[in-house]
Ligand code: 5AD
Ligand code: SF4
């Protein structure tokens, strides 16, 4: 019996749990694990906060805006807590680690505050809050980066990867696997080294065991997660393992068909990794390697540890090793001291490397970071907004032009399920349709180079790999038609179209 079956049949009913997750894929994974642990404790998941006896917010601190949204959501719960004092309200994740008691001050109706390194404590904390005769507020956080020796701080951030819960995944066929926690790069603008603690890699044997469990649960695509995933290093049985070694080992798990990893750090993009991605058929030809800026002075102020010339050298190695590999980036606009000229150097970098897509952010001053101590946040919001829009326009133009190159080509797509993105197209499709079953809906999946592909097909195609001929495109999407199915639920070889 799977863990989720056990929890569904559990005789103990601890009430309904609502969890809201913002931020990165790490947070999505953390929420999956928290839910798995609470379901074992007899909680049932609900997607309606009004029904919930326990409401948890898994939070992000990377930009101020994300924090404001959580504080507003907490504010809206103030009166409902008065009416339902038994309801437990919890704040988890990066904001909990960063703001700690400030959360209780700003939102006194919050019962528990749990940092990223203490998530295993949640079931106990909720239980204690419930059973207390007088109201108690509880906090579990890790040490700050200056509050102890490296070993003490590292120990206070527990790696948290015990249970997996299939129902919390993006789809039943896709799962995240954490290979590292924390970050030691200390880019001057970034809160992550403080909120997620020192960089620690997980043992390859633990990672592989988790991948095998996921494969047995029906997962076909694994996304390896780390803040700087390509800095992965772990010595086990006298041998040092790198990310390239992990890719080889995971490729040997038969029913795993695709492996991706995010986010890469430019300086750690080694040749052995590029060659592994090139040579392993299961490794997706896609790298997310944030540049952040195209101006050396700004990169230095950001303390990114590379120059534009070094980033260019890395891009050349990627393109030489794998001309077809898609690369995406992150950029911050309006960082302290970013002149119009510096901004245009970032625009030039986008023109030069034609990223598949870029995530563009307006600089958000974060308390406790080096940039906040050292520099003035001197770019007005209106200028940040204009630069953000200009950069987005440029990137969109490039993404659309590059997507158009795919028209007439056929790509391999892992079908994820019904499309949320594109408008429904008319007309029944025959692909995958059997008599008596619903007709085609618009489905979506991703190509091997991480492009979103939509096409009409039977929902039963979800979890299979299909060949899709591309007929059209938008800025974000390739639009196509099913040609053939490649793999269906672990079987390999080309299958005929199901009609
Ligand atoms: N302001 C704006 N963007 C930020 N990022 C990280 N910190 C900040 C900040 N203070 C962006 C970076 C990073 C992405 C996850 O978020 O581009 O790569
Ligand atoms: Fe933040 Fe830099 Fe670490 Fe990325 S590498 S998480 S931007 S400190």
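Brief remarks follow.
- Here is the figure for the stretch 96-116: residues that are touching a helix residue (DSSP H, G or I) at 6+ places or on another chain (Cβ under 9 Å) and either modelled with pLDDT under 95 or assigned to a loop (DSSP other than H, G, I, E, B) (or both) total 6.
- Taken as a whole, the condition of being assigned by TED's automatic domain parsing to the domain that holds residue 329, away from ligand 2 (no atom under 16 Å from the Cβ) and outside any strand (DSSP E or B) does not apply to residue 193.
- Picking from residues in the stretch 17-45 that are surrounded by fewer than 17 Cβ atoms within 10 Å (Cβ to Cβ) and free of Cβ contacts under 8 Å to residues at least 60 places away in the same chain, the one that is nearest to the chain's Cα centre (by Cα) is 20.
Conditions tested, residue by residue: (1) surrounded by fewer than 18 Cβ atoms within 10 Å (Cβ to Cβ); (2) in contact with a strand residue (DSSP E or B) (Cβ under 6 Å, 6 or more places away or on another chain); (3) outside the structural domain of residue 32 (by TED's automatic domain parsing).
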| site | (1), (2), (3) |
| --- | --- |
| 118 | no, yes, no |
| 124 | yes, no, no |
| 127 | yes, no, no |
| 132 | yes, no, no |
| 135 | yes, no, no |
| 140 | no, yes, no |
| 160 | no, no, yes |
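- Of all residues making up the stretch 378-394, the number that are crowded, with 16+ Cβ neighbours inside 10 Å and part of a loop (DSSP other than H, G, I, E, B): 1
- Search result, residues across the stretch 335-371 that are in a loop (DSSP other than H, G, I, E, B) and within 16 Å of ligand 2 (Cβ to nearest atom): 335, 336, 363, 364, 365, 366, 367, 368, 369
- Only one entry in 153, 179 is touching a strand residue (DSSP E or B) at 6+ places or on another chain (Cβ under 6 Å) and surrounded by 18 or more Cβ atoms within 10 Å (Cβ to Cβ), namely 179.
- Residue check: residue 227 meets all listed conditions (1) within 16 Å of ligand 2 (Cβ to nearest atom); (2) assigned to a helix (DSSP H, G or I); (3) in contact with a strand residue (DSSP E or B) (Cβ under 8 Å, 6 or more places away or on another chain) but one, namely (2).
- Applying the criterion of being away from ligand 1 (no atom under 16 Å from the Cβ) and in contact with a strand residue (DSSP E or B) (Cβ under 7 Å, 6 or more places away or on another chain) to the residues of the stretch 274-293, the residue that is farthest from residue 311 (Cα to Cα) is 282.
- As a summary of the residue check, residue 61 satisfies the conditions (1) surrounded by fewer than 18 Cβ atoms within 10 Å (Cβ to Cβ); (2) at pLDDT 95 or above except for the one numbered (1).
- Checking each residue in the stretch 358-384 for being touching a residue at least 12 places away in the same chain (Cβ under 8 Å), away from ligand 1 (no atom under 13 Å from the Cβ) and more than 30 Å from residue 100 (Cβ to Cβ) picks out only 383.
- Checked against the criteria, residue 320 does not count as in the same structural domain as residue 248 (by TED's automatic domain parsing), more than 16 Å from ligand 1 (Cβ to nearest atom), closer than 30 Å to residue 369 by Cα and assigned to a helix (DSSP H, G or I).
- When restricted to residues that are free of Cβ contacts under 8 Å to residues at least 60 places away in the same chain, within 19 Å of the chain's Cα centre (by Cα) and within 18 Å of residue 368 (Cβ to Cβ), the stretch 51-69 contains 4.
- The sole residue among 214, 287, 299 that is closer than 26 Å to residue 384 by Cα and not assigned by TED's automatic domain parsing to the domain that holds residue 27 is 299.
- Verdict on residue 368 being modelled with pLDDT under 95 and more than 19 Å from residue 263 (Cβ to Cβ): yes
- Residue that is farthest from residue 268 (Cα to Cα) [pool: residues in the stretch 196-208 that are within 14 Å of ligand 2 (Cβ to nearest atom) and outside any loop (DSSP other than H, G, I, E, B)]: 196
- Filtered by the rule that a residue be surrounded by 17 or more Cβ atoms within 10 Å (Cβ to Cβ), within 16 Å of ligand 2 (Cβ to nearest atom) and closer than 10 Å to residue 266 by Cα, the stretch 292-326 gives 304, 306, 311, 314.
- Odd one out for residue 184, checked against (1) surrounded by 17 or more Cβ atoms within 10 Å (Cβ to Cβ); (2) within 16 Å of ligand 1 (Cβ to nearest atom): (1)
- The set of residues from the stretch 285-329 being in contact with a helix residue (DSSP H, G or I) (Cβ under 8 Å, 6 or more places away or on another chain) and farther than 15 Å from residue 349 by Cβ comprises 285, 287, 301, 303, 305, 317, 321, 322, 325.
- When the stretch 165-177 is filtered for residues that are part of a strand (DSSP E or B) and either in the same structural domain as residue 19 (by TED's automatic domain parsing) or away from ligand 1 (no atom under 16 Å from the Cβ) (or both), the ones remaining, listed by number, are 171, 174, 175, 177.
The values are calculated or read from the model by the stated rules, or taken from the named source; none is laboratory data. Please read these numbers as outputs of a predicted model, since none were measured by experiment. All Cβ positions, even for glycine, are placed from backbone atoms using ideal geometry, and neighbour counts span all protein chains on display.
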